[in-house]
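Colleague: Let me give you the structure first, and then I'll get to my questions.
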Amino acid sequence: MTRSTLITEPGNGTLEVFTLPTDTEFLLTLITDIFENYWDQIHFGVLIQGAAWEVRAPNAPQRISLSDGYLTVDFGHWHFHLCIGEYRGPRNHPVSEELARHRRTARAELYRRLREDGCPSSWGLRLFNGKDEQQMTVFLPSPYLTVEQKVLKEPRWEHLALWDHLRQTYLGLDPDPLDREASRRVCG
């Protein structure tokens, strides 16, 4: 059975975290699944103290590839890279083992942010490198927001379909009724 951990983050409140594997094949499968099948429902970027980048893809990725440990998700006019595997660097200038460990994803987690009453208020995926620096957050659809981030008058529970899919596919967990008690608080 998959267990979750409650953590409190300064300025971010309480998160319920579900740890995921960090091997290359798992991360490649997970990220490809999200960006190929749900690109039009998510926002992504970094969420760190002092900065929140909530980017929306302009179209489905034209290419998702892996080279020298780096995953590339290419949307045509722009792309991003994540080091999810063994990185060696150029043949004529290989990187140190320490730098390779620093760059590679060392922690991956699905999370849901909890209000003070214990009900979820937002859902996502976070990746961290070997020095516990955030690489990326994928902000999953909220039942209280449109994809354009406009507040809905009534919850749209079908917006939790991606969260339910990720829980079932990657954690072996069924949908949780607690998610349908979500807060109207829509940030983060």
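The values are calculated or read from the model by the stated rules, or taken from the named source; none is laboratory data. What you are looking at is a predicted structure, and each value in this text was computed from that prediction instead of being measured. Here the Cβ positions follow ideal geometry from the backbone for every residue, glycine too, while neighbour counts run over all protein chains shown.
Colleague: Could you grab me the full set of residues in region 100-114 that are in a strand (DSSP E or B) and either β-branched (Val, Ile, Thr) or closer than 24 Å to TYR87 by Cα (or both)? Break it down stepwise before answering.
Modeller: First, pick out the residues of region 100-114 that are in a strand (DSSP E or B): 105-114.
Listed by number, the residues that qualify are THR105, ALA106, ARG107, ALA108, GLU109.
Colleague: Can you give me the ranges of the strands (runs of 3 or more DSSP E) entirely in region 1-66 with at least 1 residues that are over 17 Å from the mean Cα position of the chain (by Cα) and at pLDDT 95 or above?
Modeller: Details: elements: 5-9, 13-20, 43-45.
So the answer is none; nothing clears 1.
Colleague: Does region 1-31 hold any residues that are free of Cβ contacts under 8 Å to residues at least 60 places away in the same chain, of a type in the set (Val, Ile, Thr) and either touching a Pro at 6+ places or on another chain (Cβ under 9 Å) or buried (at least 16 other Cβ atoms within 10 Å of the Cβ) (or both), and which are they?
Modeller: ILE31
Colleague: Please pick out the residue among VAL95, VAL151 that is more than 25 Å from PHE18 (Cα to Cα) and in contact (Cβ under 8 Å) with a residue 24 or more places away in the chain. Working first, answer last.
Modeller: Details: VAL95 fails: in contact (Cβ under 8 Å) with a residue 24 or more places away in the chain.
Going through VAL95, VAL151 in turn, the sole match is VAL151.
Colleague: Could you check how many residues of region 145-188 are loosely packed, with under 14 Cβ neighbours inside 10 Å, modelled with pLDDT of 95 or more and in a loop (DSSP other than H, G, I, E, B)?
Modeller: The total comes to 2.
Colleague: Suppose we filter GLY118, GLY85 for residues that are loosely packed, with under 14 Cβ neighbours inside 10 Å and either at pLDDT 95 or above or at positive phi (or both); which single one remains?
Modeller: None of the other options fit; the residue is GLY118.
Colleague: For region 67-94, which residues satisfy the criterion of being of a type in the set (S, T, N, Q) and within 18 Å of the chain's Cα centre (by Cα)? Show your work before the answer.
Modeller: Step one: list which residues in region 67-94 are of a type in the set (S, T, N, Q), which gives 67, 72, 92.
Within region 67-94, just THR72 meets the criteria.
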